[in-house]
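Peer 1: Right, I'll just put the structure down here and ask away after.
The values are calculated or read from the model by the stated rules, or taken from the named source; none is laboratory data. Since this is a predicted model, take the numbers as computed values, not measurements. Quick reminder, even Gly has a Cβ in these numbers, built from the backbone with ideal geometry, and neighbours come from all protein chains shown. Areas reflect the complete protein model, heavy atoms only, side chains present, ligands, DNA and RNA absent. Shrake-Rupley method; radii C 1.70, N 1.55, O 1.52, S 1.80 Å.
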Amino acid sequence: MHDINDMLVFAQVVKARSFSGAALRLGQSKSRVSKAVARLETALGVRLLHRSTRRLGLTEVGDAYFEHCERILEELALADNTVHRLHQAPRGTLKISASVAFGTLHVAPALPGFMAQYPELNVDMTINDRLVDLVDEGYDLALRITSAPEEHLVARRLAPIRRKICASPDYLRRHGLPRQASDLCRHNCLDYTHMSTQGQWRLKGPDGDIALPVSGTLRMNDDEALSQAVVGGVGLALLPTFIIGRELQAGRLIEVLPGYVPVERFLYAVHLPNRHLPPKVRAFIDYLLQRFGEEPYWDRPDSVPGSPCHGPSSGAGGLSFSTPDG
């Protein structure tokens with residue numbers, strides 16, 4: 001492969017029909033332009049131009065070679081225009097990754113409004129609970145729920161992700177309402193097996209951090225499925241509010257021991273470091289920030305009708321519960 005700059009200089013000489021004209025177009029000296037063409041001819045081992053004091057002409061080989069150089073110039077111009085166009089407004093394809101539960105409940109419903117704002121943008125969304133590799137798999141960004149994003153990625157915090165200890169009104173009628181953290185040891189505490197501390201709930205309470213051993217008759221690796229068991233009265237569980245917001249607002253679940261909560265995690269949009277963040281990535285992050293925010297709709301009793309977590313704020317509604325001892 002020969003020096004592409006020499007090829008482009010040669011093409012400009014042909015277009016200008018002189019070395020001096022090409023030098024003017026390129027902002028270079030006539031001597032530098034002449035040397036570039038001579039260097040290219042030496043590398044190719046052929047003469048590309050007929051030179052005389054009065055005119056400059058192409059050899060047969062030079063004519064054929066110029067056609068290819070001209071196409072390269074056109075492709076470079078198209079490449080420059082494409083880059084400029086894509087960096088002016090969100091266009092192209094946005095490839096994103098999100099977890100199954102959050103992606104299904106909250107990201108997928110957000111896409112119609114986002115895509116309506118940016119009709120020239122396509123979205124390629126992968127929903128799974130696997131930690132994708134942004135570089136190897138070509139993702140523009142990933143939505144991750146964590147307390148500590150990876151240091152080599154740029155992380156933008158989008159919303160708090162809270163978990164609450166919950167049970168159904170029916171379960172609490174039958175088994176009593178826990179009044180203090182130690183009461184949980186006598187309850188059927190259902191376990192989410194994807195948590196790193198299985199069989200133990202690490203909570204922040206009025207007296208600081210505690211690690212509470214719990215046990216129960218049901219273990220699941222999916223929060224959505226686990227929440228259905230809790231709504232059905234099987235036991236207590238520590239569940240994310242982005243899944244059970246509607247159930248809490250409707251009174252189908254009751255928060256117990258509200259003074260005890262796990263370490264708060266957050267939803268982050270993570271992407272590779274980039275001095276020039278593509279508009280499509282910036283637009284999606286801004287859209288989700290506006291949609292979720294520091295007090296997301298699934299945590300608000302006055303959430304917008306039709307949102308995934310909207311429901312009447314009926315609370316405990318006059319229910320009374322006994323203590324664990326009856």
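Peer 1: Using a 1.4 Å probe, how large is the accessible area of residue 284, given in Å² and rounded to the nearest 10?
Peer 2: So the heavy atoms of residue 284 present about 0 Å² to solvent.
Peer 1: Hey, another quick one. For a distance above 17 Å, tell me the whole-number percent of Cα pairs in segment 189-302 that qualify. Can you show the working numbers first?
Peer 2: On the way: 4172 of 6441 pairs.
More than 17 Å apart: 65 percent of the Cα pairs in segment 189-302.
Peer 1: Counting only the backbone N, which residues of segment 198-229 are under 13 Å from the spot 7 Å out from the Cα of residue 100 toward its beta-carbon?
Peer 2: Counting backbone N atoms under 13 Å from the label point, the list is 220-227.
Peer 1: Something else about it: Can you tell me the equivalent ellipsoid semi-axes for segment 66-152? Use √(5λ) from the Cα gyration tensor, largest first, whole Å.
Peer 2: Over the Cα atoms of segment 66-152, the semi-axes work out to 34, 17, 10 Å.
Peer 1: Under a 1.4 Å probe, what is the accessible area of segment 226-266 per residue, stated in Å²? Spell out each step's value before the answer.
Peer 2: Values: 1310 Å² over 41 residues.
Spelled out: the 1.4 Å probe surface of segment 226-266, per residue, equals 32 Å².
Peer 1: Moving on. Given the options 228, 193, 284, identify the residue whose Cα lies farthest towards the positive end of the charge dipole of the chain (+1 on Cβ of Lys, Arg; -1 on Cβ of Asp, Glu).
Peer 2: Value: 284.
Peer 1: How much accessible surface does residue 133 have with a 1.4 Å probe, in Å² rounded to 10?
Peer 2: Rounded to the nearest 10, that gives 60 Å².
Peer 1: For the chain, what log10 I(q)/I(0) values come out of the Debye formula at q = 0.08 1/Å, with one point per alpha carbon and no solvent?
Peer 2: Each listed q corresponds, in turn, to -0.56.
Peer 1: Further question on the same structure: Within the accessible area of the chain, what % is carbon and sulfur when the probe is 1.4 Å and the other protein chains stay in place?
Peer 2: Working: 8760 of 17400 Å².
Percent of accessible area from carbon and sulfur atoms in the chain: 50.
Peer 1: Length gain on complete extension for the stretch residue 68 to residue 46, per 0.36 nm per residue less the alpha carbon to alpha carbon distance? Show your work: numbers first, answer last.
Peer 2: Working: separation 22, 0.36 × 22 = 7.92 nm, distance 1.57 nm.
Length gained, residue 68 through residue 46: 6.3 nm.
Peer 1: Something else: Report, in debye and to the nearest 20, how large the dipole of the chain comes out about its Cα centre when Lys and Arg carry +1 and Asp and Glu carry -1 on their Cβ. Intermediate results must be reported in sequence, preceding the final value.
Peer 2: Values: 37 positive and 36 negative charges, 251 e Å.
It comes to approximately 1200 debye.
Peer 1: Follow-up. For segment 9-102, what D do you get in µm² per second when you plug the Kirkwood radius from alpha-carbon pairs into Stokes-Einstein at 4 °C and 1.567 mPa s?
Peer 2: Numbers: Rh = 16.0 Å.
Translational diffusion coefficient: 81 µm²/s.
Peer 1: Now a separate question. Largest first, how would 68, 175 line up by accessible area (1.4 Å probe)? Each step should come with its number before you reach the end.
Peer 2: Values: 68 100, 175 80 Å².
Sorted by accessible area, descending: 68, 175.
Peer 1: Then there's this: GluC sites (Glu not before Pro), restricted to segment 243-303: which are DSSP loop and have at most 14 other Cβ atoms within 10 Å?
Peer 2: For GluC sites (Glu not before Pro) across segment 243-303 that sit outside H, G, I, E and B with at most 14 neighbouring Cβ atoms in 10 Å, the list reads 264, 294.
Peer 1: Tell me what the chain gives for mean residue ellipticity at 222 nm when only DSSP H runs of n ≥ 4 count, each as -39,500 (n - 2.57), the sum divided by the residue total, rounded to 500 deg cm²/dmol. Intermediate results must be reported in sequence, preceding the final value.
Peer 2: Values: 9 runs with 109 residues, N = 326.
Result for the chain, helices only: -10500 deg cm²/dmol.
Peer 1: For the full complex of protein chains and a 1.4 angstrom probe, list 226, 76 by accessible area with the highest value first.
Peer 2: Values: 226 0, 76 75 Å².
The residues order as 76, 226, largest area first.
Peer 1: Could you tell me whether segment 81-232 comes out rounded, prolate or oblate from its Cα gyration tensor? Rule is a ≥ b ≥ c as square roots of the eigenvalues, rounded for a/c under 1.5, then prolate if a/b exceeds b/c, otherwise oblate.
Peer 2: Numbers: a/c = 2.99, a/b = 2.33, b/c = 1.28.
It comes out prolate by the Cα gyration axes.
Peer 1: Among the chymotrypsin sites (Phe, Trp or Tyr not before Pro) within segment 9-80, which fall in a DSSP loop and have no more than 13 other Cβ atoms within 10 Å of their own Cβ? Display every interim value, and only then the final one.
Peer 2: Values: sites: 10, 19, 65, 66; in loops: none.
Answer in residue order: no site qualifies.
Peer 1: Go through segment 69-164 and name the trypsin sites (Lys or Arg not before Pro) that are in a DSSP coil and have 11 or fewer other Cβ atoms within 10 Å of their Cβ.
Peer 2: Working: sites: 71, 85, 91, 95, 130, 144, 156, 157, 162, 163, 164; in loops: 91, 130, 162.
Loop-located and lightly packed - 130.
Peer 1: Accessible area, 1.4 Å probe, largest first: how do 185, 166 sort? Please report the intermediate quantities before stating the final value.
Peer 2: Working: 185 75, 166 0 Å².
Ranked from most to least accessible, the order is 185, 166.
Peer 1: Right, next: Taking only protein heavy atoms and a 1.4 Å probe, what accessible area per residue, in Å², does segment 20-147 have with all protein chains in place?
Peer 2: Working: 7650 Å² over 128 residues.
Spelled out: the 1.4 Å probe surface of segment 20-147, per residue, equals 60 Å².
Peer 1: Pick out, from 158, 178, 88, the residue whose Cα sits farthest towards the positive end of the charge dipole of segment 54-185, with +1 on the Cβ of Lys and Arg and -1 on the Cβ of Asp and Glu.
Peer 2: Positive-end residue among those listed: 178.
Peer 1: Something else about it: Could you size up the charge dipole of segment 1-149 around its Cα centre, putting +1 on the beta carbon of Lys and Arg and -1 on that of Asp and Glu, and report it in debye to the nearest 20?
Peer 2: On the way: 17 positive and 17 negative charges, 223 e Å.
The calculated dipole for segment 1-149 is roughly 1080 debye.
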